[in-house]
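What follows is a short report on a single structure.
The values are calculated or read from the model by the stated rules, or taken from the named source; none is laboratory data. Just so we're clear, the structure is a prediction, and the values are computed from it rather than from any experiment. All Cβ positions, glycine included, derive from the backbone under ideal geometry; neighbour counts span all protein chains shown. Keep in mind that these areas ignore ligands, DNA and RNA; they rest on the heavy atoms of the full protein, side chains included. Shrake-Rupley method; radii C 1.70, N 1.55, O 1.52, S 1.80 Å.
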Amino acid sequence: MLLNKTDLKNGIYSGIPIFIGYFPIAITFGLLAKSVNISFFESFCFSALVFAGASQFVSINMYHAGIGAGEIILTVFLLNFRHFLMSATISSKSSFKKILIPIISFGITDETFAVAALKEGGISGSYIIGLNFTSYSGWVIGTVIGYIAGDFLPHVIQSSFSICIYALFVAILIPAVRKSFTAGFIAVAAGAANSMLGYFSLFSSGWNIIISILLVSAAGMFIFNEDN
């Protein structure tokens, strides 16, 4: 049997808190997509095929700024590079059929990884699929509702939702900074590097972000290497 009903049900139950957390943020994404004139179908596919919250907000912001597709794709790749490490960690404590690997890997996010990694004992493919599907549903449904709501809200209110991009990043950054000085230093350094590159206007804004990520990440790796 490919899926175990009990494990699948447990995964769904574990994913309900993530569903609740994703839903309002996804509504915001739908509203923002509407505000920058992305079509309903494109917005739906954005969440249904990409399913990467912070990266989708970054992409929307870069798209609205007129940055090219190549730079957006590369930036999203760098932002999501951590997924290689998360997938490796999950696979080390999991046991599931190879046919399920594409489905499971697609649904791994920071939140689903945290829940799965902290689960006691082994992790079955059925459990992860239930967990991922529930979280995924919250994101996609929220996006659709947010986009539809954009038809009823005044334009001035829709435009004001752009601040949610920055609120989301602050919400992600602050807990990490409170636990680690390194995270705060890297964030400030990346912002400073991006500002300097923008000031000298050597590259486009999209490449400024990419170069800042690469330079500061490399510097942080050497400066804060625990073996030093």
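Residues checked against (1) in contact with a helix residue (DSSP H, G or I) (Cβ under 7 Å, 6 or more places away or on another chain); (2) open to solvent by less than 60 Å² (accessible area, probe 1.4 Å); (3) assigned to a helix (DSSP H, G or I); (4) at pLDDT 80 or above:
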{"site": "56", "(1), (2), (3), (4)": "yes, yes, yes, yes"}
{"site": "61", "(1), (2), (3), (4)": "yes, no, yes, yes"}
{"site": "70", "(1), (2), (3), (4)": "no, yes, yes, yes"}
{"site": "75", "(1), (2), (3), (4)": "yes, yes, yes, yes"}
{"site": "85", "(1), (2), (3), (4)": "no, no, yes, no"}
{"site": "99", "(1), (2), (3), (4)": "no, no, yes, no"}
{"site": "104", "(1), (2), (3), (4)": "yes, yes, yes, yes"}
{"site": "108", "(1), (2), (3), (4)": "yes, yes, no, yes"}
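Go through the stretch 110-130 and report how many residues are open to solvent by 60 Å² or more (accessible area, probe 1.4 Å) and either part of a helix (DSSP H, G or I) or touching a Cys at 6+ places or on another chain (Cβ under 6 Å) (or both).
Total meeting the criteria: 3.
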field: Lone unmet requirement of (1) at pLDDT below 80; (2) among the aliphatic types (A, V, I, L, M); (3) surrounded by fewer than 18 Cβ atoms within 10 Å (Cβ to Cβ) for residue 213
entry: (3)
field: All positions within the stretch 87-97 that are surrounded by fewer than 12 Cβ atoms within 10 Å (Cβ to Cβ) and either out of contact with any helix residue (DSSP H, G or I) (no Cβ under 8 Å at 6 or more places or on another chain) or not hydroxyl-bearing (Ser, Thr, Tyr) (or both)
entry: 88, 92, 97
field: Residues satisfying the stated conditions in the stretch 140-161, i.e. open to solvent by less than 10 Å² (accessible area, probe 1.4 Å) and at pLDDT 85 or above
entry: 142, 143, 146
Given (1) touching a helix residue (DSSP H, G or I) at 6+ places or on another chain (Cβ under 7 Å); (2) of a type outside the set (S, T, N, Q); (3) under 30 Å from residue 156 (Cα atoms), index of the condition residue 16 fails: (3)
